[in-house]
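Student: For reference, the structure I am asking about is given below.
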Amino acid sequence: MDEGGTYRVLNRQIFLLIALAVIAIGVFAFTRRVAAEEQQLDARIAAIWYKEGERQLGSGQIEKAIECFRKATTDALGDRTYTLALANALAAGDHDAEAEQTLLRLRESDPEDAGINLQLARLAAKRGDVPDAVRYYQNALYGRWTGSQVDERERQLRIELIRFLLGHQQRTMALSELLILETELPPSAAAHVEAARFFLEAGDTQHALKNYAEAVELDKNNVDALTEAGEAAFRLGDYQKADQYLKAALELNPAAQKTHQLLSVTEMVLSDDPLDQHLTDRERQERLLRGFEQARQRLESCLSQTSDGHGTAELVGLEDQALGLEPELHSKRPPDSELIRSGTELIYAIEKATSAACGEPQGLDQALLLIGQKHSGAQQ
């Protein structure tokens, strides 16, 4: 082939290559556009199924909602919002195992997502798995939150964890979370009352009273805070504080019969304690005699109705002690400190023994028992 022919062949091949390249680019662009359009169509369809799923869930049609969310996740593979919605619907429909597996797959790619950890915590709590529930709750608390009001959501989540721990008798862990919660409380009487009730349930009456006191400072007309503060102070043996809180509560709610009864006992503890400070000898003797006579009556009544051999023997022994001490107590000479102490201890021993043998005391007998507990260091 001559040189001109070779040149023409080369030109033809170059032209063909260029034409093929243009066609390939066109096909690629067309294919890409079609794929994008299909992807957009799938996304629109997925969004429709997601909205329908939310609507079904809102109307209580959980199984229908699950099917809608399944279709949404099929049309938009990898969309976390749709997958999380499916997991939540599965949990709501008691498909717990599938919900957990779905959430665990999501968590693999984002272990710090607070929402995913929270849902896993609730599933573990539902099946009573305390270690797993606590672990996921902690991960949620210290994980990554999105949206606004993060602090409030974290506080509510901690409260949820505390309720779970208290419900499973995990008081030590609950107290640890409560002490953190206490530092995060807003300046709200309701928030402090709620925390105080948690502390009571966890067995920490001292911190409960502290939060009730803060609630009263924030709202002096909060009847619940005043009443429960009085009850907490009463349990702690701080009868002066109990008296103040209960009186303030009754001013706001005079019809509260239980508060009246508690205040009555509180006032008797304050007015009948012979070991109270700043009393004259005569006042001390009068209190001791009044308590002694009340305890003797309780003892005689209990002896007349009990048939238990061991209990009766203890009561008879206390009766003998009372008969031996009675002349000294009625002496015209003011009782010395030793007699006051021994008389108070005998009254307490009688009230404690009669309580065990004949049931819980009422009125002045209850007050005398509390006075004895106060001075003996006994826990209520």
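The values are calculated or read from the model by the stated rules, or taken from the named source; none is laboratory data. This is a predicted model, so every value here is computed, not measured. Cβ: placed from backbone, ideal geometry, glycine included. Neighbour counts: every protein chain shown.
Student: Residue 216 - would you say it is farther than 25 Å from residue 190 by Cα and outside the structural domain of residue 338 (by TED's automatic domain parsing)?
Tutor: Numbers: farther than 25 Å from residue 190 by Cα: no; outside the structural domain of residue 338 (by TED's automatic domain parsing): yes.
No: the conditions fail for residue 216.
Student: Within the range 199-211, is even one residue at negative phi and not in a helix (DSSP H, G or I)?
Tutor: At the first step, the residues of the range 199-211 found to be at negative phi are 199-202, 204-211.
Next, from what is left, pick out any that are not in a helix (DSSP H, G or I): 202, 204.
Checked against the condition, which is being at negative phi and not in a helix (DSSP H, G or I), the range 199-211 yields at least one hit.
Student: Can you spot a residue in the range 224-237 that is touching a residue at least 40 places away in the same chain (Cβ under 8 Å), more than 26 Å from residue 158 (Cβ to Cβ) and not assigned by TED's automatic domain parsing to the domain that holds residue 334? First the steps, then the outcome.
Tutor: Here is the first cut: in the range 224-237, the residues touching a residue at least 40 places away in the same chain (Cβ under 8 Å) are 235, 237.
Keeping just the survivors that are more than 26 Å from residue 158 (Cβ to Cβ) gives 237.
The next check asks that each one be not assigned by TED's automatic domain parsing to the domain that holds residue 334; those that pass are 237.
The answer is yes; a qualifying residue exists.
Student: If I filter the range 340-349 for residues that are under 22 Å from residue 235 (Cβ atoms) and touching a residue at least 60 places away in the same chain (Cβ under 8 Å), do I get at least one hit?
Tutor: yes
Student: Continuing with the same structure: Got a sec? Which of 373, 297, 321 is in a helix (DSSP H, G or I) and either closer than 26 Å to residue 236 by Cα or in the same structural domain as residue 237 (by TED's automatic domain parsing) (or both)?
Tutor: Values: 297 fails: either closer than 26 Å to residue 236 by Cα or in the same structural domain as residue 237 (by TED's automatic domain parsing) (or both); 321 fails: either closer than 26 Å to residue 236 by Cα or in the same structural domain as residue 237 (by TED's automatic domain parsing) (or both).
On inspection, the qualifying residue turns out to be 373.
Student: Yes or no: residue 48 assigned to a helix (DSSP H, G or I), over 21 Å from residue 94 (Cβ atoms) and modelled with pLDDT of 80 or more? Give the steps one after another, and end with the answer.
Tutor: On the way: assigned to a helix (DSSP H, G or I): yes; over 21 Å from residue 94 (Cβ atoms): yes; modelled with pLDDT of 80 or more: yes.
When the stated conditions are applied, residue 48 passes them.
Student: OK, next. Does the range 226-258 hold any residues that are in a helix (DSSP H, G or I) and out of contact with any helix residue (DSSP H, G or I) (no Cβ under 6 Å at 6 or more places or on another chain), and which are they?
Tutor: Restricting attention to the range 226-258, the residues satisfying the condition of being in a helix (DSSP H, G or I) are 226-236, 239-252, 257-258.
Hits for the range 226-258 are 231, 240, 244, 247, 251, 257, 258.
Student: What are the residue pairs meeting all of these: first residue in the range 203-223, first residue free of Cβ contacts under 8 Å to residues at least 60 places away in the same chain and closer than 13 Å to residue 249 by Cβ, second residue assigned to a helix (DSSP H, G or I) and among the hydroxyl-bearing types (Ser, Thr, Tyr), Cβ atoms under 9 Å, and 6 or more apart or on different chains?
Tutor: Final answer for the pair search is 212/245; 216/245.
Student: Which condition number does residue 100 fail, the rest of (1) over 20 Å from residue 66 (Cα atoms); (2) assigned to a helix (DSSP H, G or I); (3) not aromatic (Phe, Trp, Tyr) being met?
Tutor: It is condition (1) that residue 100 fails.
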